[in-house]
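All remarks here apply to the structure that follows.
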Amino acid sequence: MKNKKKIVVFASGSGSSFENICKKFSKVNFIEITKLYCNNNKAFVIERAKKQGIESFVFQNEDLANKKILMDLQNVNPDLIVLAGFLKKIPADIINKFNKRIINIHPSLLPKYGGNGMYGLKVHEKVIENKEKETGFTIHYVDKNYDEGDIIFQKKLTIKTKNPIELAKEVLKMEHKYYPEIILKCLNEDKS
């Protein structure tokens, strides 16, 4: 059998997307989620990783800039870096080293409602405030600018609520369905 494809996940919060990814790939014998990177030592995602038997690397935000994370990533050498609710910008040295091997999911149809400070409920509040008819999510490669990397996949949703919390739940349900599929697709693409 071929070597396993290695995934690492970066997350900052509760980790529902992380747990969903772990569950979806738990029975896929050629994929291994090798490590969780988290910049918030109080984040519930750390407990989820423990429960899944996945090593956590909890770091300070300055560790992104001082090359500590880059050095650790080089040792792990993942096939794919998956951002799942990670709220910090990935530094250029990591992006350059793992070009087209870092993906992010964003809860809007980019380029709308993307960029610095646009995440989570803030996105859904803006979407409703602007009376959009549809929303969705975007999976994209990470580049040096927030939410501007090449788009891999988008899924639309007709808005049927004026409640941003309800809208967030609907979008998250779709994200959980499609993110593992797109991760698998990215792992199977030849990056050479």
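Each reported figure results from applying straightforward, stated rules to the coordinates on display, with no laboratory input. Model, not experiment: these values are computed from the prediction. With ideal geometry, Cβ positions are generated from the backbone for all residues, glycine too; neighbour counts draw on all protein chains shown.
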query = Sequence-distant or interchain residues sharing an amide H contact under 5 Å with LYS155, placed H: which?
reply = PHE137
message = Rounded, prolate or oblate, given the Cα gyration tensor of the range 1-100, with a/c below 1.5 counting as rounded?
response = oblate
ask   = Using modelled amide H (1.01 Å from N, peptide plane; none on Pro or chain starts), what sits under 5 Å from the amide H of GLU132, excluding residues fewer than 5 places away?
value = none
Helical contribution to [θ] at 222 nm, DSSP H n ≥ 4, -39,500 (n - 2.57), averaged over the chain, rounded to 500 = -11000 deg cm²/dmol
message = Amide H of GLY114 versus every other amide H placed in the peptide plane: which residues, excluding those fewer than 5 positions away on the same chain, fall under 5 Å?
response = none
key: Cα-Cα separations in the chain greater than 22 Å, expressed as whole percent   = 45 percent
task = Determine the dipole magnitude for the range 5-188: charges of +1 sit on the beta-carbon of Lys and Arg, -1 on that of Asp and Glu, nothing else is charged, the reference point is the Cα centre, and the result goes in debye to the nearest 20.
result = 380 debye
ask   = Simple spin-label model, 7 Å along Cα-to-Cβ: GLU129 to ASP93 in nm?
value = 3.7 nm
task = Determine, for each peptide in 168-178, 82-92, 153-163, the mean count of other beta carbons within 10 angstrom over its residues, then list the peptides with the highest first.
result = 82-92, 168-178, 153-163
